[in-house]
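Accompanying notes for the structure given below.
The values are calculated or read from the model by the stated rules, or taken from the named source; none is laboratory data. Since this is a predicted model, take the numbers as computed values, not measurements. Here the Cβ positions follow ideal geometry from the backbone for every residue, glycine too, while neighbour counts run over all protein chains shown.
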Amino acid sequence: MAQLTYEDYAELPEGRYEIIDGDLYLQASPTPRHQEIVLNLLMHLHPYLRHHGNGEVFQARIDVLLSEHDIVEPDIIVIKSERASIVGEKNVQGAPNIVIEVLSEETRHVDEVKKRQLYERSGVEEYWIVESVIEQVWINRGGASERVEETITSPLLPGFSLDVREVFA
């Protein structure tokens, strides 16, 4: 079977899809808990980025084209000012600085394995995995994965800190 491309993706009927390594994945609709967590993260990231003027934050649904055969819709992406040129009129063309995915049982394998590998090889600097059931956050950076014990910080976001409990409040 031929690998799917963004052209194929654009012709799909309305729905939540992703193409990874040319293979099509159907995404389940997010749960209310999933949406709460995304909103909690956005409520901290957006004011930080606006105040510091060093980037933008976007939430799903936004197409991120990482290659001809890799099109994803992460829950949240952060694009620093120096990479603002990857934000197009209809999509993002290139690797965001930070990608955040809130896991669900339906997407766990894809998010933890396939997307992690994709983001690493595509140049995403940080990939945050938010585990809603056991209320844990993992940050993948430079091929290493670290569980965040108390406070989320990032060298990409100087001065940003977020208590993990607030993510799940």
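If the Cβ limit is 6 Å and pairs must be 6+ apart or interchain, which residue in the range 64-91 that is free of Cβ contacts under 8 Å to residues at least 60 places away in the same chain pairs with which residue that is exposed (fewer than 13 other Cβ atoms within 10 Å of the Cβ)? So the pair list comes out as E73/R61. Across the range 134-152, a minimum of one residue is classified as out of contact with any Leu (no Cβ under 8 Å at 6 or more places or on another chain), within 18 Å of L39 (Cβ to Cβ) and surrounded by fewer than 18 Cβ atoms within 10 Å (Cβ to Cβ). Residues that are closer than 16 Å to R83 by Cα and touching a Ser or Thr at 6+ places or on another chain (Cβ under 6 Å) within the range 46-68 comprise N54, G55, L66, listed in sequence order. Remark: pairs (first residue in the range 42-55, farther than 19 Å from F168 by Cβ; second residue of a type in the set (F, W, Y) and modelled with pLDDT under 95; Cβ separation under 9 Å; 6+ apart in sequence or on different chains) are absent. Of all residues in the range 69-80, exactly one satisfies the criterion of being in contact with a helix residue (DSSP H, G or I) (Cβ under 7 Å, 6 or more places away or on another chain) and not in a strand (DSSP E or B), namely D75. Restricting the range 2-61 to residues that are at pLDDT 90 or above and basic (K, R), the residue that is nearest to A95 (Cα to Cα) is R50.
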